[in-house]
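The values are calculated or read from the model by the stated rules, or taken from the named source; none is laboratory data. Keep in mind the model is a prediction, meaning the values are calculated, not measured. All Cβ positions, even for glycine, are placed from backbone atoms using ideal geometry, and neighbour counts span all protein chains on display.
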Amino acid sequence: MTHPHENAAPGGNPSAAQNTIQSAEHRQANNSAPRGTVHPDGAKAPARRGRGKSEKSLALIAAARESAERVQPITVRGIAYKLFATGHVASMSRNEVARVSRLLTDAREQGIIPWAWLVDESRGAERVNTWSSPEEIISAAVQGYRRDYWADQPEWVEVWSEKGTVRGVLRPVLDALGVTFRVMHGFGSATAINDIAAETRRADKPLTIFYTGDWDPSGLFMSESDLPGRISRYGGSCRIERIALTAEDLPGLPSFEAATKARDPRHHWFTSRYDQRCFELDAMDPGVLRARVESAIKGLIDVNLWNRAVEVEAAEVESMRQFHAAWSNSRQDAKYSGWRP
């Protein structure tokens with residue numbers, strides 16, 4: 001299979017994105033504040049670079065910005081795949097991906113690419129929720145209340161993936177539809193799978209899992225054999241539907257030889273059933289992946305029951321707002337009803 005980068009090469013006149021880059025670098029070059037200078041607002045001046053970037057790096061950043069703007073949110077590796085497909089990077093080697101990551105960091109620090117366009121789920125902080133007052137938590141509860149629209153639906157739906165990085169890519173869809181996302185982190189632990197099996201036994205509705213993963217020995221074995229087999233063996237039941245990557249997604253995507261996975265115990269299982277080439281989920285266009293997941297989820301929704309839940313939620317929120325207003329007023333009345341000289 002011919003790699004996309006073999007027949008494509010970056011070039012042409014600087015795009016609007018490149019002009020943006022050059023303007024940002026010009027501003028940075030003319031910034032006379034010494035490194036580490038503190039401005040009146042308390043922020044430190046950005047460290048100046050000793051020299052400008054090469055035309056090749058500028059072209060890469062411009063192409064990255066164009067791709068990210070079109071399909072964001074997207075991962076750094078997802079951007080690297082797009083740059084590989086257009087010939088801006090020679091391969092998906094560790095060194096090349098690291099170079100892309102460094103340039104994307106520079107581009108975000110310089111304001112060329114918005115931080116929100118790129119997602120990284122591997123370094124999120126875990127915080128304990130705290131509140132400054134009872135009123136604050138009540139106000140937050142009113143504003144953040146969301147009814148479980150799935151409570152009355154005929155099916156229980158989740159999205160699973162072997163990769164945590166895809167969570168940020170899918171978050172807009174998962175948040176909008178209130179769907180649980182599970183990261184299996186390779187082959188899920190026995191404890192985690194047993195817990196899920198137990199959960200399906202207690203549930204009053206069937207579980208449908210939409211699975212996204214790599215097209216390689218381990219990635220396919222997880223969704224086609226390992227997970228269904230273990231859930232069944234632990235006394236659970238579910239339907240697992242692999243929605244990405246599928247065979248229909250592969251044409252045109254960058255790939256690599258299955259021989260590079262020869263040490264994977266599932267290598268023979270994969271090559272005897274599927275292909276001699278492997279593909280990563282990160283190579284799939286994020287917009288296409290989000291649309292795929294959204295369509296699959298909506299295909300299982302009973303629209304009438306969903307709309308009814310939305311109406312009930314609106315009534316419940318209004319009731320909570322009235323309670324909060326009455327509670328706040330009573331606190332104010334109590335504050336000023338004490339003894340006065």
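Can you find a residue in the range 91-102 that is touching a Phe, Trp or Tyr at 6+ places or on another chain (Cβ under 8 Å), hydrophobic (A, V, I, L, M, F, W, C), within 21 Å of M284 (Cβ to Cβ) and at pLDDT below 90?
Yes: one or more hits.
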Query raised in the report: Which of the residues belonging to the range 182-192 are surrounded by fewer than 19 Cβ atoms within 10 Å (Cβ to Cβ) and at negative phi?
Result: R182, V183, F187, S189, A190, T191, A192
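Give R277, R321, R273, R292 a once-over and let me know the one that is closer than 19 Å to Y81 by Cα and out of contact with any Gly (no Cβ under 6 Å at 6 or more places or on another chain). Steps first, please.
Details: R321 fails: closer than 19 Å to Y81 by Cα; R273 fails: closer than 19 Å to Y81 by Cα; R292 fails: closer than 19 Å to Y81 by Cα.
Going through R277, R321, R273, R292 in turn, just one is closer than 19 Å to Y81 by Cα and out of contact with any Gly (no Cβ under 6 Å at 6 or more places or on another chain): R277.
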Query raised in the report: Restricting the range 203-247 to residues that are charged (D, E, K, R) and under 22 Å from the mean Cα position of the chain (by Cα), which is surrounded by the fewest Cβ atoms within 10 Å (Cβ to Cβ)?
Result: E241
Report task. Within the range 114-135, identify whether any single residue is over 16 Å from the mean Cα position of the chain (by Cα) and crowded, with 18+ Cβ neighbours inside 10 Å, and answer yes or no. Result -> no
**Report entry** strands (runs of 3 or more DSSP E) (entirely within the range 166-247) containing at least 1 residues that are farther than 30 Å from R277 by Cβ and hydroxyl-bearing (S, T, Y)
**Finding:** 180-183
Query raised in the report: Regarding E280, is this residue of a type in the set (D, E) and over 15 Å from L245 (Cβ atoms)?
Result: no
